[in-house]
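Student: Once you've had a glance at the structure underneath, I'll fire off some questions.
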Amino acid sequence: MMNDRISTWLDNLGLSIYRESFQHNAITWDVLPELNEGDLEAMGVLLGHRKKLLRAIAQLPQSDEVMGPGSIPVGVIPEEQPFPPERDQAERRHLTVMFCDLVDSTTLSRRLDPEDLQEVIRQFLDACSQAIGRLNGYIAKYMGDGMLVYFGYPHAHENDAERAVHAGLAILDTVRSLNLDNSHPQFSMAARIGIATGQVVVGELMGQDTAKERSVFGETPNLAARLQTLAKPDQLIIDQVTKRLVGNEFEFLDLGVFLLKGFDTPIQAWQILSIRPSASRFESYRSSQLTNFVGREQEISLLLGRWREAVGGEGQVVLLCGEAGIGKSRIARSLCDRLAEERYQTIQFQCSPYHTNTALYPAITCLRQAAGLASQDSAQAQREKLDVLARESGIENQDTVSLLADLLAIRGGHWDPLINVLSEKRKDMTLEALVQYLQGLADHGPVLFIVEDAHWLDPTTLELMTRIIGRIRQMRVLLLMTFRPDFKPVWAEYSHVTSLTLSRLPRRHSAELVATMTGGKVLPLEVQQAILAKADGIPLYIETLTENVLGSGLLTEGNDSFTLKGPLKGLPIPDSLQALLMERVDRLGSAKEIVQTGAAIGREFTYELLQATVEVPDSQLKNALDLIVASGLIFQEGEIPLATYHFKHALVQDAAYSTLPKKPRRVLHARIAKTLESRFPEWVNMEPELLAYHYEQAGLTGPTVDYWHRAARRDAERSANIEALNHFNRALDLLKELPQGPERNALELELLLARGVPLLSVKGYASDEMEHNYRRAKDLLQEHSSSVHQFLAIRGLWAFHLVRGNLANARGLAENLHALAHREQSSDLLIEAHHALGVTCFFLGRFDEARTHLFAAKSLDDPNRQRSQVFFYGKDPVTTARSFLARTFWILGEIEHVEPLALEAIGLARELEHPFTMVFALTSLSWIYSTLRNAKKTRELADEAIALSTQYSFELGLAWATSFQGWALAENGQEEGLAKLINGLSATWATGASTNNTFTLALLAEIYLRRNRIDEGLAAIEEALKLAVTGGEVFWHAELLRLKGELLLGQSILSTQAAEECFCEALKIAQDQHATMLELRAATSLAKLWRKLNKLDDAKRILNAVYSRFNERVDNLDLIEAKTVLEQLSDT
């Protein structure tokens, strides 16, 4: 562990970020005065911080006698301290809690004098404290003969659970050793320990004066206490979470499940038996959970290239740098997998965070494993095993073997220590012996030498590495050293050394990694996007988040995919990442409050907003931000005061934020929101959802609803309909928290009416959500509700019933709209009322009335008006009225007006630049050109409508356009056309829409007729006729009967009479409806049949009666066909 004086000195300077750098470079208190600027630069200290450190070093006393061992010289304390060294407020933490006590202390109290008992318990507690202190535990409370210990507070470490278990085992060992020197042999001491891990609230100082202690609240400390009571003397018991976090680092004994007091469900308990030897931490933690290796092909290729050079006799070193979780160990493992077929030897040095000051710890561990030494081996057995290792390694020099024996603490035999050799000389000889051991292996064959986690190297092993790298060029060795960015290797300038930094995985590879975790089954899009956004391309984060989601119970597994059981409310930080992330935050010391405030603002925050939110002087804020930037937690863009800061990882932001308890968190968000309102009005207008978020987190529902409403209206005006809908839904959900009353009802009504526009765009007119939305709005209407609100609520229900196919209801609602608009004498309301009545009459087959109302809507339009109706109705009523008027003119036979009016409608839509209006105009024009049998124009319009509908997520628009595209393709003889038409029709049904499906079914039947698939065509017609009869959608009734007749003729000569009846009925219906164009089609089909039946005069009379009403100069395929039939009849 690092010298406490150095650590405290750096803390007081506000530069605790450099603790590990000082530790890795073996900087002790006596060395400190000798540091110069070059030394600090080599250690990675920033320029400004170097100046600060050098000033503080210059003020150090000249001798240790001036200061006590725990004191800090006045000169090194910063003039301004932005935060106190200790914080009294609580934090939310993922904590490992240990309860430890002395067994049978009550019995001891009866047998021993109180002073002797005091001495025994002091010995026990001192021994425990030393073991706990070595592993960075925090003793929160002494409780008589026991103690409560936290691992992960006040400073987190990435392996706190592992540290706690190591500390527990050390306590048990220490207590056993105390029994060897027990002044009271009539009894023996024993400890029992319980450890549990989980979420707590910790850190608030409670109590008075000397009784003050840092409290902890939550289930975890209670569980640790219960597990301790389960433990027998000399037993250490842990819970399931702790076991999962420590991986395979220890030997376990499954004790089964227990019903513990205060816990509703049975608790799984495990006894820790011992430390499990392992060549690498990666093998302990990840080897059983390996996924397929994704990406990194360039890096592997480079390593394989360096391996070939090493095998050829030219030793190589690769320095592999990357942040935690980036995949350094995984690459090393993958390299070994690629070399599986080759003959070579492996040496693995695993550096340890607990042994950064244990000389040659990685080498000792490696040699013990290579020789197969076990703790229970006798000295003789260990000597024999080392002798075997020496022979196999080609070590013949007896002094080298003696040095290795001394290093491994093997005593006796012919390996007695070299008594007369000075310690410095012995160290040099030991390092040389280790080099010779490596050389001996390389002489026998190629060696892959892996040094894992070099950022935890002890100073002596660092020296060994320098010696090896200096001489490795002549060995058949590839040395692969992995480390994190805060380690600064000094060997990069060697020609045989290659530096390689791992970057984050690109999104494509990240998605591939997720797929390997799910077994190829597809995750819901929002879940995958959340994982990729949080993980930021870090493989460990991707794997852990995905594993967490799969085990969370949020998903239902299907054959090929997963589905969400409910809404996704964010991804919590997995237990296994909590400590890793919090360690980086805790290193900031007093600057942590600044990073917490930044985290509450968001992934990105500006200096100006942060400055306005926190209550510290500028100089202190700048120093804190410099420290946080230097730590690598955030990036800075631009210069203060215009600087912007970004969290490097989303999960680091989450970790910093997660430590805030609920009450301070709410207060902070309220302060941020009010700061934005008062100081940054441009953000209020540009990003109202930002205000909504902060007010919601502050628990202030009123302003939250207001800002979600603002955000929704802004997005609706931009046709960002999905986003608008989400904002409206959030506002409506939160509205339920406000007290009932007229004001709340009025606000709900306003939200529902505004929500209808994006709702119809995304879900379609006929969706159940549309009906519920406007039904609720209508229920909320009151006597004093404005006429506009009444109109909008009725209009929403009209649109639903119209498209759903309930035309009788739609007619009544349209008449209500007309009456209301007349009463108000509002031209805007009258335009929409006439439009609604006109469209309804059109589908009811009342074409004269439809023309009257649609023409009135067109006539009321003022070309100079602002077309604000699109934001009330979801599309422009004047443009839509023109589209339907063009359809009506076609059916009424006024075909010379059709195309000019349709083109006028599409022109207005383009001018308006409103996506849904544009899609409606395009599909309406597609309808017209399909009736004109112009496949080329229909295809062009449908393609454009599909592109727009896809871009803006218009489900119904996409379905309609797909049907028209399919028809156009089929008309051109393309096979996929029929399938597309059917898919479009199915998609239309899926939205709940029914109206106009008779027309689409007729298009389908006509294609079947042309392909001589008579039965399928008749089935389509029967389905359409059923819709027409039951729903009253009779605008295409005549055409359906005509097509049925044509299909019957294609079926059999025996169906001639039935076909004739269909043609006659179609003719009669068209005449009754004044549908002249449909009358022409029916008359043409009937005339062709009567010509075959030799009813020439009747055929000529019936067809000429209709044809004569048209202007022959109009280019129309129906007229051309009728004219051709008349000419044939005249020639017969």
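Yes/no matrix, rows are residues, columns are (1) among the small types (G, A, S); (2) crowded, with 21+ Cβ neighbours inside 10 Å; (3) not in a loop (DSSP other than H, G, I, E, B):
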| site | (1), (2), (3) |
| --- | --- |
| A799 | yes, yes, yes |
| A808 | yes, no, yes |
| A814 | yes, yes, yes |
| H822 | no, no, yes |
| E832 | no, yes, yes |
| H835 | no, yes, yes |
| V839 | no, yes, yes |
| L854 | no, yes, yes |
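Student: Considering every residue within the stretch 888-903, establish whether at least one is under 23 Å from A1070 (Cα atoms), in a loop (DSSP other than H, G, I, E, B) and not assigned by TED's automatic domain parsing to the domain that holds N1116.
Tutor: Taking every residue of the stretch 888-903 in turn, at least one turns out to be under 23 Å from A1070 (Cα atoms), in a loop (DSSP other than H, G, I, E, B) and not assigned by TED's automatic domain parsing to the domain that holds N1116.
Student: Being more than 60 Å from the chain's Cα centre (by Cα), in a loop (DSSP other than H, G, I, E, B) and acidic (D, E) is the filter here, so list the residues in the stretch 1074-1132 that pass it.
Tutor: E1112
Student: So, in the stretch 531-563, how many residues would count as being over 26 Å from S329 (Cβ atoms) and surrounded by 14 or more Cβ atoms within 10 Å (Cβ to Cβ)?
Tutor: Total satisfying the criteria: 4.
Student: Here is a list: E1039, E1065, E1061. Which entry is at pLDDT 95 or above, surrounded by fewer than 16 Cβ atoms within 10 Å (Cβ to Cβ) and out of contact with any strand residue (DSSP E or B) (no Cβ under 9 Å at 6 or more places or on another chain)?
Tutor: Result: E1061 is the single residue among E1039, E1065, E1061 that is at pLDDT 95 or above, surrounded by fewer than 16 Cβ atoms within 10 Å (Cβ to Cβ) and out of contact with any strand residue (DSSP E or B) (no Cβ under 9 Å at 6 or more places or on another chain).
Student: Out of curiosity, is A624 in contact with a Leu (Cβ under 6 Å, 6 or more places away or on another chain) and outside the structural domain of A156 (by TED's automatic domain parsing)? Talk me through it step by step, then tell me what you get.
Tutor: Numbers: in contact with a Leu (Cβ under 6 Å, 6 or more places away or on another chain): no; outside the structural domain of A156 (by TED's automatic domain parsing): yes.
Spelling it out, it is not the case that A624 is in contact with a Leu (Cβ under 6 Å, 6 or more places away or on another chain) and outside the structural domain of A156 (by TED's automatic domain parsing).
Student: Follow-up. Please work out which one of (1) free of Cβ contacts under 8 Å to residues at least 60 places away in the same chain; (2) buried (at least 18 other Cβ atoms within 10 Å of the Cβ) is the condition E424 fails and give its number.
Tutor: Status for E424: all satisfied but (2).
Student: Can you tell me which residue is farthest from the chain's Cα centre (by Cα) among those in the stretch 30-44 that are of a type in the set (G, A, S) and not in a loop (DSSP other than H, G, I, E, B)?
Tutor: Step by step, filter the stretch 30-44, then rank; the result is G38.
Student: Could you list all residues from the stretch 511-522 that are in contact with a strand residue (DSSP E or B) (Cβ under 8 Å, 6 or more places away or on another chain) and either β-branched (V, I, T) or under 8 Å from T546 (Cβ atoms) (or both)?
Tutor: Residues satisfying the conditions are T518, V522.
Here is a yes/no grid of residues against (1) basic (K, R); (2) outside the structural domain of S402 (by TED's automatic domain parsing); (3) modelled with pLDDT under 90:
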residue: A442; (1), (2), (3): no, no, no
residue: L464; (1), (2), (3): no, no, no
residue: R471; (1), (2), (3): yes, no, no
residue: Q474; (1), (2), (3): no, no, no
residue: L478; (1), (2), (3): no, no, no
residue: F483; (1), (2), (3): no, no, no
residue: D486; (1), (2), (3): no, no, yes
residue: A492; (1), (2), (3): no, no, yes
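Here's the yes/no breakdown for (1) under 16 Å from V447 (Cβ atoms); (2) charged (D, E, K, R); (3) surrounded by fewer than 21 Cβ atoms within 10 Å (Cβ to Cβ):
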position	(1), (2), (3)
E297	no, yes, yes
L302	no, no, yes
W307	yes, no, no
L320	no, no, no
F349	yes, no, no
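Student: Taking A1028 as the residue in question, decide whether it is within 22 Å of I982 (Cα to Cα) and under 59 Å from the mean Cα position of the chain (by Cα).
Tutor: Considered against the rule, which asks whether it is within 22 Å of I982 (Cα to Cα) and under 59 Å from the mean Cα position of the chain (by Cα), A1028 comes out as yes.
Student: Sort out which residues of the stretch 192-231 are touching a Phe, Trp or Tyr at 6+ places or on another chain (Cβ under 9 Å) and at pLDDT below 90, and write them in order of number.
Tutor: V202, G203, E204, R214, V216
Student: Something else now. Restricting attention to the stretch 871-895, and to residues there that are surrounded by fewer than 21 Cβ atoms within 10 Å (Cβ to Cβ) and at pLDDT below 90, which single residue is farthest from A945 (Cα to Cα)?
Tutor: Selected residue: F872.
Student: Provide a single number: the residues in the stretch 1068-1085 that are free of Cβ contacts under 8 Å to residues at least 12 places away in the same chain and surrounded by 17 or more Cβ atoms within 10 Å (Cβ to Cβ). Let's see the steps before the verdict.
Tutor: Kept after step one, since they are free of Cβ contacts under 8 Å to residues at least 12 places away in the same chain, are these residues of the stretch 1068-1085: 1068, 1071-1072.
Next cut, surrounded by 17 or more Cβ atoms within 10 Å (Cβ to Cβ) only: 1071.
Matching residues across the stretch 1068-1085 total 1.
Student: So which residues in the stretch 348-370 are of a type in the set (G, A, S), within 16 Å of E463 (Cβ to Cβ) and assigned to a loop (DSSP other than H, G, I, E, B), if there are any at all?
Tutor: Of everything in the stretch 348-370, just one residue is of a type in the set (G, A, S), within 16 Å of E463 (Cβ to Cβ) and assigned to a loop (DSSP other than H, G, I, E, B), namely A359.
Student: Follow-up. Quick one: is Q59 farther than 30 Å from K488 by Cβ and either out of contact with any Asp or Glu (no Cβ under 9 Å at 6 or more places or on another chain) or at pLDDT 75 or above (or both)?
Tutor: No; evaluated as a whole, the condition is false for this residue.
Student: Any chance you could count how many residues in the stretch 103-146 are touching a residue at least 40 places away in the same chain (Cβ under 8 Å), part of a helix (DSSP H, G or I) and under 43 Å from the mean Cα position of the chain (by Cα)?
Tutor: Matching residues across the stretch 103-146 total 5.
Student: Being out of contact with any Leu (no Cβ under 7 Å at 6 or more places or on another chain) and modelled with pLDDT under 90, is that true of even one residue in the stretch 834-842?
Tutor: no
Student: Mind listing just one residue for me: the one in the stretch 757-787 that is among the charged types (D, E, K, R) and closer than 21 Å to S953 by Cα and, of those, surrounded by the fewest Cβ atoms within 10 Å (Cβ to Cβ)?
Tutor: Selected residue: D768.
Student: Ok, one more. Name the helices (runs of 4 or more DSSP H) wholly within the stretch 635-754 that hold at least 3 residues that are closer than 30 Å to L577 by Cα and touching a His at 6+ places or on another chain (Cβ under 8 Å)?
Tutor: By residue number, 662-679, 688-697.
Student: Filtering the stretch 443-495 down to residues that are touching a helix residue (DSSP H, G or I) at 6+ places or on another chain (Cβ under 9 Å) and free of Cβ contacts under 8 Å to residues at least 40 places away in the same chain, which residue is surrounded by the fewest Cβ atoms within 10 Å (Cβ to Cβ)?
Tutor: Step by step, filter the stretch 443-495, then rank; the result is S495.
Student: Within the stretch 735-746, is there a residue that is more than 15 Å from T991 (Cα to Cα) and in contact (Cβ under 8 Å) with a residue 40 or more places away in the chain?
Tutor: Yes - at least one qualifying residue is present in the stretch 735-746.
Student: Related question: Would you pick out the residues in the stretch 42-56 that are of a type in the set (A, V, I, L, M) and either surrounded by fewer than 18 Cβ atoms within 10 Å (Cβ to Cβ) or closer than 13 Å to N623 by Cβ (or both)?
Tutor: We begin by selecting, within the stretch 42-56, every residue of a type in the set (A, V, I, L, M); these are 42-43, 45-47, 53-54, 56.
Result: A42, L46, L47, L54.
The values are calculated or read from the model by the stated rules, or taken from the named source; none is laboratory data. Everything quoted here is computed from the prediction, not taken from an experiment. Neighbour counts are summed over all protein chains in view; Cβ atoms, including those assigned to glycine, are modelled from backbone coordinates with ideal geometry.
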